[in-house]
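The values are calculated or read from the model by the stated rules, or taken from the named source; none is laboratory data. The structure presented is a predicted model; accordingly, all values stated were derived computationally and were not measured. Please note: Cβ atoms are built from the backbone with ideal geometry, for glycine as well, and neighbour counts cover all protein chains shown. Accessible surface areas use protein heavy atoms only, side chains included; no ligands, DNA or RNA. Shrake-Rupley method; radii C 1.70, N 1.55, O 1.52, S 1.80 Å.
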Amino acid sequence: MKRYGILNAFQLKIIMLVLMLLDHMYLYLFPKELLPAHYASRLVAPVFTFLVAEGMVYTRDRRRFISRLFISGAVMAAGNYILYLITGYEITNNFFLSLAVGAAAIYALSELFKSKGLAVVPWALTIIILAFLAPLCEGGYMVPTIMLIFYYLRKAPPFMYAVYVASMGWPYFAAYLASGYLRPQFYMVFAVIPLMLYNGKRGPDTAFAKYFFYVFYPLHVWILFLISRIV
């Protein structure tokens, strides 16, 4: 599907990393001063989920891609636990595992649809296991749900955006009608704006562009967490 945006995947990642950094600074250091950044950062999770869905389309090795996400999640979980042992305070951030479960769901469903006879059994069991794992990850079922929307509707972007906005926006809007309080998660619907600016290109094909997010995400969380415990 040809796109006509102005931002490649790497540029989108950098913008989202800046918003993520500001949000975690809000969370750990400046809960009053950076409140607007918290709302703006609701775009981050959907955009990274979209980019992983794109990765599942274009990667040469899906298993390796998924393994990288799970390994990154395991490393971050270990680092979080070590900091918990040191400080006595828990870090709940670990979006790697959420992305890994979503990517694994795409892979398992793709294999299930291609399988026949008893060959469907291991893939069906895999999907059941992932369904049990998803609620234990950051964001719960939200990430695999919107990743499947982005993956299976990618050839019809307008329809994909409409389904995404409806599925993500309506629950929070309905809650607003009932309570009068609009949760920050509602602003995830505006992730369609940066997604519409995506031009379908990967960007720089370098090790830095490929692995920077894997290093930056846990490292900045750990640093901000430690600063918050010191000050």
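Tabulated data
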quantity	calculated
Condition check for residue 145: without any contact (Cβ under 8 Å) to a residue 60 or more places away in the chain, open to solvent by 40 Å² or more (accessible area, probe 1.4 Å), within 23 Å of residue 187 (Cα to Cα) and not basic (Lys, Arg)	yes
Qualifying residue in segment 76-87 (condition: open to solvent by less than 20 Å² (accessible area, probe 1.4 Å) and not hydrophobic (A, V, I, L, M, F, W, C))	yes
In segment 171-181, residue farthest from residue 152 (Cα to Cα) [restricted to those that are aromatic (Phe, Trp, Tyr) and more than 20 Å from the chain's Cα centre (by Cα)]	181
Close pairs (7 angstrom Cβ cut-off, 6 or more residues apart or separate chains): buried (at least 18 other Cβ atoms within 10 Å of the Cβ) in segment 9-23, among the polar types (S, T, N, Q) anywhere	19/41; 20/41; 22/41; 23/41
The listed residue being open to solvent by less than 50 Å² (accessible area, probe 1.4 Å) and more than 27 Å from residue 26 (Cα to Cα), out of 120, 221	120
Qualifying positions in segment 13-49 - under 28 Å from residue 151 (Cβ atoms) and either among the acidic types (Asp, Glu) or not in a helix (DSSP H, G or I) (or both)	23
Any pair with Cβ under 7 angstrom, 6 or more apart, that starts in segment 153-172 at a residue that is assigned to a loop (DSSP other than H, G, I, E, B) and ends at one that is open to solvent by 40 Å² or more (accessible area, probe 1.4 Å) and at pLDDT below 90	154/1; 155/1
Options 176, 181; residue that is exposed (fewer than 13 other Cβ atoms within 10 Å of the Cβ), at pLDDT below 95 and not polar (S, T, N, Q)	181
